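The values are calculated or read from the model by the stated rules, or taken from the named source; none is laboratory data. Every value quoted in this text rests on a predicted model; they were computed, and no experiment measured them. Backbone-built Cβ (ideal geometry, glycine too); neighbour counts: all protein chains shown. All accessible areas refer to the heavy atoms of the entire protein, side chains included, with ligands and DNA or RNA removed. Shrake-Rupley method; radii C 1.70, N 1.55, O 1.52, S 1.80 Å.
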Amino acid sequence: MGDSCRHCDACEHDLEQYCAEGATWTYNGRERQSGAPTYGGYSDHVVVEQRFVVKVSDTLDLKAAAPLRCAGITTWSPLRHWKVGPGQKVGVIGLGGLGHMGVKFAKALGAHVVMITPTPEKGADAKRLGADEVLLRLPAQHHPGRP
């Protein structure tokens, strides 16, 4: 997100994504002032309202910080919402962009982590990332004419 109206009820409660006037998305949106299109990651530069900026420490490698944005917040939010911690078990389905963050975060929070994947190689990767168990689960076979 790059901006919002900053004055509607949603914005005043830190829920700018629900802005009554519409949030300004960083990709395929329109800048509030100029009306110019937004191009997200395809941009050479971007201007955003300062409350939507997160400073990355100079000591953190940008390549390591990048996954913390979309995949990071997508997996972190439910783990925090459900107060995941020691003594709990978390199942993570698939080891893609979100799955690897889910494994790392859940393990760091102290949970017992189970990776669910159809691929033994991904299971080995999940173990290296901290998964306690791997459940190999093949996808259901679709048979025409059968539910």
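Which FRET efficiency value, to the nearest 0.05, is calculated for L15 and H112 with the Förster distance at 25 angstrom and r the Cβ-Cβ distance? Write down the numbers at each step before the final one.
Values: r = 33 Å, r/R0 = 1.31.
Calculated transfer efficiency: 0.15.
Using the Karplus equation 6.51 cos²θ - 1.76 cosθ + 1.60 (θ = phi - 60°), what ³J(HN,Hα) coupling, rounded to whole Hz, does each residue of the stretch 85-90 give in order, writing x for Gly and Pro?
Using θ = phi - 60°, the values come out as x, x, x, 9, 10, 10 Hz.
Less than 11 Å Cβ to Cβ from E31, Lys/Arg counted +1 and Asp/Glu -1: what total charge do the surrounding residues give? Walk me through the numbers before you get to the answer.
Working: positive: R30, R32; negative: D3, E49.
So the environment of E31 carries a net charge of 0.
Once the other residues with Cβ under 15 Å from the Cβ of V92 are scored (Lys, Arg +1; Asp, Glu -1), what is the net sum?
Local net charge: +4.
Using label points projected 7 Å from each Cα along Cα→Cβ, tell me how many nm separate L68 and V54, to one decimal.
In this crude label model, L68 to V54 measures out at 0.7 nm.
For a quick check, take a GNM of the chain with Cα springs below 10 Å and name the residue from K104, K55, K122 with the largest mean-square fluctuation.
Judging by the Gaussian network model, the answer is K55.
Determine the per residue accessible area of the chain with all protein chains present and a 1.4 angstrom probe, expressed in square angstrom.
72
Provide the net charge surrounding G72, with neighbours chosen by a C-beta distance below 14 Å and charges set as Lys +1, Arg +1, Asp -1, Glu -1.
Taking every other residue near G72 into account, the sum is +4.
If you place +1 on the Cβ of every Lys and Arg, -1 on the Cβ of every Asp and Glu, and leave all else neutral, what size is the dipole of the stretch 1-96 about its Cα centre, to the nearest 20 Debye? Display every interim value, and only then the final one.
Working: 10 positive and 11 negative charges, 95 e Å.
So the dipole magnitude of the stretch 1-96 works out to roughly 460 debye.
To the nearest 500 deg cm²/dmol, what mean residue ellipticity at 222 nm is calculated for the chain from DSSP H runs of n ≥ 4 alone, each contributing -39,500 (n - 2.57), summed and divided by the residues? Kindly include the intermediate steps, with their values, before the conclusion.
Working: 5 runs with 42 residues, N = 147.
Helix contribution divided over all residues of the chain: -8000 deg cm²/dmol.
Angle between the Cα long axis of helix 120-129 and the longest principal axis of the chain, 0 to 90 degrees, nearest 10?
In the chain, helix 120-129 runs at an angle near 60 degrees to the longest axis.
Once a ≥ b ≥ c are taken as the square roots of the eigenvalues of the Cα gyration tensor of the stretch 9-59, is the result rounded (a/c under 1.5), prolate (a/b larger than b/c) or oblate (a/b not larger than b/c)?
Oblate shape, in that a/c is at least 1.5 and b/c is the bigger or equal ratio.
Take the alpha carbon atoms of the stretch 4-28, find their center, do the same for the stretch 69-126, and report the distance between the two centers in whole angstrom.
29
For Rg and Dmax of the Cα atoms in Å, one of (i) 18.2, 49; (ii) 19.7, 58; (iii) 16.5, 53 was computed from the structure I shared and the rest are decoys. Which label?
Comparing each candidate, only (ii) matches the computed number.
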